[in-house]
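In what follows, a single structure is set out as structure tokens and then discussed.
The values are calculated or read from the model by the stated rules, or taken from the named source; none is laboratory data. From a predicted model like this one, the values you see are computed outputs, not experimental measurements. Reconstructed Cβ throughout: ideal geometry from the backbone, glycine too, with neighbour counts over all protein chains shown. The accessibility values were calculated without ligands, DNA or RNA, using every heavy atom of the protein model including side chains. Shrake-Rupley method; radii C 1.70, N 1.55, O 1.52, S 1.80 Å.
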Amino acid sequence: MIINIRGTSGSGKSTVVRKIKDCYFESEPIMVEGRRQPIGYMLSRVWGKRLFLAGHYETACGGCDTITSIDQIYELVRQYHNDETDVLFEGLLISAEVNRTTALHTDGLPLLVVGMSTPLDVCLSSINTRRQEAFIAKTAIAEARNEGRKKPRPMPKEKGEVNPRNTESKFKATETTMRRLLEAGVRAEWHDRDSAVQTIKLELGLT
């Protein structure tokens, strides 16, 4: 099974993935030359199929957004999917991508696209909360580094709230993409955060 999670920033894509990741007992990072962070993880349990999770989650925003080439993302999906390994991938970078996803379907690969139905106002709140938490963490680190220095380094500047128009644009783009995938015959379903987790667990045999 190949599962692709889509949604705008703050919709909960990474949160859902982390909950799925916690269902596996072993997580082996896959490293490649030229990258400091993993290109993905191979997850396994005592029984059942393995799961290749594309991208990395060493930072708050992870997933396939840490892989700069869309072609490379889909190459990884095809490379790691087989009878013994499922694949899970998500990221804002691919939220508006249709053709490569449709090709997975037309090539006969088992595919489920999960669209995050998180309301726009909740997405905006999540983004702003994340920004504030990041600012607090960076400030604490900067204060610790400056302690005892005669010439303290500049402190981080707080970012304002996210531009709602940008998030709204991404929100609408996801809606358009999901509609186009459905029209192409792809199995594409809308889910909130909780139902996304439960649906993915069921598809991966984790329940």
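Consider the range 23-51 and keep the residues that are open to solvent by 10 Å² or more (accessible area, probe 1.4 Å) and of a type in the set (G, A, S). The one that is farthest from R179 (Cα to Cα) is G34. I20 meets all of the listed conditions (1) surrounded by 15 or more Cβ atoms within 10 Å (Cβ to Cβ); (2) outside any loop (DSSP other than H, G, I, E, B); (3) in contact with a strand residue (DSSP E or B) (Cβ under 6 Å, 6 or more places away or on another chain) but one, namely (3).
Within the range 74-124, the set of residues being assigned to a helix (DSSP H, G or I) and of a type in the set (A, V, I, L, M, F, W, C) comprises L76, V77, L92, L93, I94, A103, L104, L120, V122, C123, L124. With respect to (1) loosely packed, with under 12 Cβ neighbours inside 10 Å; (2) at pLDDT 75 or above; (3) hydrophobic (A, V, I, L, M, F, W, C), the lone exception for L182 is condition (1). The residue of the range 130-147 that is least open to solvent (accessible area, probe 1.4 Å), among those that are modelled with pLDDT of 75 or more and assigned to a helix (DSSP H, G or I), is N146. Tallying residues that are touching a Ser or Thr at 6+ places or on another chain (Cβ under 8 Å) and either over 20 Å from H81 (Cβ atoms) or open to solvent by 60 Å² or more (accessible area, probe 1.4 Å) (or both) within the range 1-17 yields 6. Close Cβ contacts (under 6 Å, 6 or more residues apart or on different chains) running from residues in the range 173-191 that are without any contact (Cβ under 8 Å) to a residue 40 or more places away in the chain to residues that are of a type in the set (G, A, S) comprise L182/A188.
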